[in-house]
Amino acid sequence: MSERTLVLIKPDGVKRRLSGEIIKRLESKGLNIIGMKLMKVSEEMARKHYDVHKDKVFFKDLVSYITSGPIVAILLEGKSAISVVRTMTGATDGSKSAPGTIRGDYSISIDRNIIHASDSDESFMHEYPIFFSKNEIIEFQYGDEDLF
Ligand code: CMP
């Protein structure tokens with residue numbers, strides 16, 4: 001079933017110039033990019049995005065990290081996009097994520113783990129309006145759907 005998901009290439013991913021590599025992997029898999037931008041995250045946006053973690057000891061660090069530099073926000077559409085992208089992303093802790101996953105190949109820590117991806121449709125519905133307005137979502141058919 002076609003789904004949408006949100007990916008954020010976090011400040012460490014952007015600073016390490018991994019954006020192209022990550023986008024290449026997501027596109028090659030057969031996911032359609034329907035929104036994408038380089039942007040700064042305000043403290044208000046960060047607090048909303050990580051609302052579910054507000055009582056955790058690391059909440060303050062999460063907010064300061066995601067606001068510490070530009071991110072690349074990407075909206076993707078495709079078959080089972082949420083679970084497919086989570087699988088490609090790998091386990092949260094980069095020191096435990098499998099080789100071949102994005103975190104498994106490029107991260108060795110839990111708090112500098114390069115990428116965020118929505119973990120459910122509920123999370124996606126909460127997260128994506130923080131980063132994209134309606135007119136930034138480009139609805140179109142790539143025309144190669146029969147190849148994937
Ligand atoms: P993310 O997928 O962006 O969603 C929540 C983030 O919290 C997660 O990636 C991790 O980077 C971060 N996180 C989870 N557990 C810890 C922890 N124990 N210490 C610091 N950060 C954490």
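The values are calculated or read from the model by the stated rules, or taken from the named source; none is laboratory data. All values derive from a computational prediction rather than experimental measurement. Please note: Cβ atoms are built from the backbone with ideal geometry, for glycine as well, and neighbour counts cover all protein chains shown. Calculation scope for accessible area: heavy atoms of the full protein, side chains included, ligands and nucleic acids excluded. Shrake-Rupley method; radii C 1.70, N 1.55, O 1.52, S 1.80 Å.
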Looking only at the range 73-96, how many residues end up being farther than 16 Å from L31 by Cα and either at pLDDT below 95 or surrounded by fewer than 21 Cβ atoms within 10 Å (Cβ to Cβ) (or both)? 5
Take the range 108-120 and flag every residue that is open to solvent by 10 Å² or more (accessible area, probe 1.4 Å) and either near the ligand (Cβ under 8 Å from one of its atoms) or within 20 Å of K29 (Cβ to Cβ) (or both). I110, D111, R112, H116, D119, S120
If a residue has to be within 10 Å of the ligand (Cβ to nearest atom) and basic (K, R) to count, how many in the range 51-97 make the cut? 2
Please work out which residue is farthest from Y65 (Cα to Cα), limiting yourself to the range 39-54 and to residues that are free of Cβ contacts under 8 Å to residues at least 24 places away in the same chain and not in a helix (DSSP H, G or I). K54
Taking the stated definitions as given, is L6 closer than 19 Å to E136 by Cα and open to solvent by 50 Å² or more (accessible area, probe 1.4 Å)? no
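Condition check ((1) among the β-branched types (V, I, T); (2) open to solvent by less than 40 Å² (accessible area, probe 1.4 Å); (3) out of contact with any Phe, Trp or Tyr (no Cβ under 8 Å at 6 or more places or on another chain)) across all residues:
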site: I102; (1), (2), (3): yes, yes, yes
site: S123; (1), (2), (3): no, yes, yes
site: H126; (1), (2), (3): no, no, yes
site: S133; (1), (2), (3): no, no, yes
site: E136; (1), (2), (3): no, no, yes
site: Y142; (1), (2), (3): no, no, yes
site: E145; (1), (2), (3): no, no, yes
site: F148; (1), (2), (3): no, no, yes
Can you name the number of the only condition in (1) away from the ligand (no atom under 13 Å from the Cβ); (2) part of a loop (DSSP other than H, G, I, E, B); (3) at pLDDT 95 or above that Y128 fails? (2)
Selected residue (only one of S120, S109, S83 is touching an Asp or Glu at 6+ places or on another chain (Cβ under 8 Å), free of Cβ contacts under 8 Å to residues at least 40 places away in the same chain and of a type in the set (S, T, N, Q)): S109
